[in-house]
Structure formats: C-alpha cells, structure tokens
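Here's the structure we're looking at; comments come further down.
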Ligand SMILES: [Zn+2]
C-alpha cells in the first residue's frame, strides 16, 4: 500500500534553533512523497545535512577553505561518521563502482570542493548566487507517483548558506526553492545578473529570471529584460559557441508567449547558419514550436531533421565486426536472441561515469535472463580505459574505438553518453537508454519472445 504525505509536517521537528548553530531553513512546501519510508529517509537525510553544514562552516572558519573530501570533517568537526550516509542510499555510501569516491569513509553525498575546482569555478558561482547554491547534494531520493513509478530523481541540497531544499538535478532551475520565495528569488537573480551581466556562462539567469517575472505578473520587467539581453548578446562573435546566445533569446521570447517572433528568428537562422555544426538545435527548437502549436506534420519533419537517429528506432541496428580489448572478435550478430546495450562512453565523460553504477545494477539484475552490455570506449588513449577498468571492474566486454571509431559513424554518435538498446532480434529500442528508463526498457524487452 502506498500513500501520500505532505512533507512539511513531518520535517518541522528537525528545524534547529540553537543560538550558536547555523540557521537552517527547511523548505519542502508542496512536495509530496509516496511512502512513509521515503519521508522518514528525507527527515534523517536533512538531519545529516544539517550536521554536515555546521561542520563545513567550522572547517571553513579554521582553514579559510573547504576540505577536499567530506570525510576530512571527521573526527574534529563531525564526531559521528554515520552522518555521511543517507538511509535512502542502497549502497550505504560505498558505491559498487568505486570511482572518484571518498577514500576514507563511506559517503553518500555529492560534494565537489577539491581546492582547484573550488578556487577556479565554485567560488565564483558562490559569489554570483550569494551562497544560495548547493555545496553538498544527496542524489538518493526520488519523486514517485502513487503506483511507485519513478517520475524523476530528486536531490536534497545543502546550500553554502545552510539552507536545505529539494530540487531536480538542475538546481539552477529552482530559484524559488533556493531563495525561499518568489520575491526573494527575483531579488537573488537580479543581483546575480548585476554581478555577471555579460558572462555567457550565466545566461541561464536571464531565462530563469524572466520565468519569475511572468509568474509574478511583472510583464514590464519581462519586456525590459528581453531588451536588455538583446543589447548585450553577441551571437556573431568569433567563438562559435556564442551562437547559443540565440537560444537564450528564443527561450525568453517563448516564455512571454512571443512564439511567432521566436519562430521567425529561428527560420532566419535556418537559412543563415547552414554550415554551423550546431544547426540541428535550430531544427529541434522549430520542431518544438510547431508541436506546441499543433502542427504535427511540420513538427515531425523538423524533429527528423534535428536527429536522424529517430528513423532508426524499430529498425534493425547496423551490424559491426570489431576486436574487443582482449583481442577477441566481437560482432552485434553474436548477441542475437539477447537484449543488448551498446554503450558509447569515455573515461573523461562525467555523465557516462555517473551512469555506470546504474548500468551495472541493471546488468546484475538481468544478465541471467538475456541481457548483456557492450562498451564502446571513445577515449583518445587506450591506456586511460585500462587504468579505469583497474579501479572499476566492468564485467561486460569492451571495444576500444578511440575518437575516430567507425562505430561512431555507424551509429551517428555526435556526443556521449550514447546508450543504444537493442531487442532480441537486433532492432533498436532506444538510443537514450539511461537512468530509470533503462531498467524499465530492459525489464520489458527480456520478457518478449524472440
Ligand atoms: Zn539522502
């Protein structure tokens, strides 16, 4: 049996009011969770983050910097090391693939303050967001519906200013949670923009701020923000990535309902940017506008232009013959009768590595009922792959393809991760088989008769 609980009532007992302790704001308003267990887990996790927040503050006070690993807080600043483990973490702080994990103690939390990274990037971000951005995150909570189906992964965040709030993976899209209310969020993002008005790394602030203005019914402010952005954007700069400035503008126009103006801009770009390697994103954006406006046929045409891999769904996957890293021949045909994941990845690809524990779990659960994985590694240097496999023992076969792998071309791989899932007859199920969707797709595909 599952039932919903409004979390606010459960959590209130945790709020700290000691005078010397850092002030903790717990904000779960409007969140509901499907099970009582999950609410309990969140309560414990919030308590853990509260303790970690206090310890980090004390550490920073003494060292004028943050520790490289959370375990360095123990024992001086954090007496109880169990606080570093979230009860919702199935691996209890010891991931099945020990990559970039805390070397000293089991730790469930995402934390990335190694001195170089903090000095180079995070300190800057911290200044821009005025301490409202997260320093420690728990990735082990989930938003499920009443049938316990996973809707999305939720993160419990501890901010630099010791606020604890829930968000989806992209915390930048949750300014109201970050700052604790819509007016505070507007003020927060306005001052953030004053600090970095022309830095393309922070153009997301424009997109989010205009959403806040629309929500607060501040139409005039939304209009002036668009004018403001038009005056500072530099899409014709040498740097080809600056082309993406248009995306911010298109997004802003759409948020205020100016779909026609956005469409005209995109159609102009379709003509002028014929040689731009990122032009597929123009097609995708045009497709989405057509879809929203009910032009299904045009939407489909543009979706196909944006991503030709769509055509391959349901069709036979291209066969290949290669040599795996142990020197044995391997081809897709060998896997006929099995559901197989062809996983293009590299050791330098953060999201690929982040997904590995999930692939390993699905592999362990379904390997005896007809599921297998083939890794296609796209590192520049094969030695990096072998180094990685020494630390993380992946039980499936690997092909070293390198950057110019013919397999990359065959499967139209433009970026990684690129996980292709094939059914027992070798037909493509998906080229985006990741996260919770991977398990669901594999579970269904192994049941089908070949
Ligand atoms: Zn947690």
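Please treat every number below as a calculation from the coordinates, not as lab data. All of these numbers come straight from a predicted model, not from anything done at the bench. Glycine gets a Cβ as well: all are built from the backbone with ideal geometry, and neighbour counts include every protein chain shown.
Summary of the geometry: region 278-342 and region 40-79, compared by the centres of their Cα atoms, lie 44 Å apart.
Taking label points 7 Å from Cα along the Cα-to-Cβ direction, residue 278 and residue 116 give a separation of 2.6 nm. Summary of packing: across the peptides 121-127, 215-221, 246-252, 44-50, the per-residue average of other C-beta atoms within 10 Å ranks them, highest first, as 44-50, 246-252, 121-127, 215-221.
With a cut-off of 8 Å between alpha carbons and a minimum separation of six or more residues, what is the relative contact order of region 213-317 in percent? All intermediate terms of the calculation are to be shown ahead of the outcome.
On the way: 72 pairs, mean separation 15.4, N = 105.
The value is 15 percent.
Taking each residue as 0.36 nm, the span from residue 216 to residue 319 lengthens on full extension beyond its C-alpha to C-alpha distance by 31.7 nm.
In this label model, residue 37 and residue 196 are separated by 4.0 nm, measuring between points 7 Å along each Cα→Cβ vector.
Region 81-119 and region 224-256 have Cα centres separated by 38 Å.
Hey, with R₀ at 56 Å, roughly what FRET efficiency would residue 187 and residue 369 work out to, going by the Cβ-Cβ distance, to 0.05? Intermediate results must be reported in sequence, preceding the final value.
Working: r = 55 Å, r/R0 = 0.98.
Using R0 = 56 Å, I get an efficiency of 0.55.
Helical content alone sets the calculated 222 nm signal of the chain at -12000 deg cm²/dmol, taking -39,500 (n - 2.57) per DSSP H segment of four or more residues and averaging over every residue.
Each 10 Å bin from 0 upward holds the following percent of the Cα-Cα pairs of region 350-450: 14, 47, 33, 6, 0. Let a ≥ b ≥ c be the square roots of the eigenvalues of the Cα gyration tensor of region 57-193; is it rounded (a/c under 1.5), or, if not, prolate (a/b larger than b/c) or oblate? Here region 57-193 falls in the oblate category. Maximal additional length on extending the residue 328-residue 100 stretch stands at 79.0 nm, based on 0.36 nm per residue less the C-alpha distance. When each of the peptides 196-209, 315-328 is scored by how many other beta carbons lie within 10 Å of its residues on average, the order from highest to lowest is 196-209, 315-328.
For the chain, give me the percentage of DSSP beta bridges that are antiparallel, rounded to the nearest 5 percent.
Values: 27 of 42 bridges.
Counting only bridges with both partners in the chain, antiparallel ones make up about 65 percent.
Between residue 258 and residue 123, the contour length at 0.36 nm per residue exceeds the Cα-Cα span by 45.0 nm.
So what is the relative contact order for the chain, in percent, with contacts set as C-alpha pairs under 8 Å and at least six apart? List each step's numbers first, then the result.
On the way: 677 pairs, mean separation 43.8, N = 450.
Reported as a whole number, the value is 10 percent.
Would you work out if region 245-303 is rounded, prolate or oblate? Take a ≥ b ≥ c from the square roots of the eigenvalues of the alpha-carbon gyration tensor; rounded if a/c is under 1.5, else prolate when a/b is larger than b/c, oblate otherwise. Working shown, then result.
Numbers: a/c = 1.99, a/b = 1.11, b/c = 1.80.
It is oblate, given that a/c is not under 1.5 and a/b is not larger than b/c.
Highest mobility in the GNM of the chain, judged by mean-square fluctuation with C-alpha springs under 10 Å and restricted to 331, 161, 152, is found for 331. Shape class for the chain: oblate, because the ratio a/c of the largest to smallest gyration tensor axis (alpha-carbon atoms, square roots of eigenvalues) is 1.5 or more and b/c is at least a/b.
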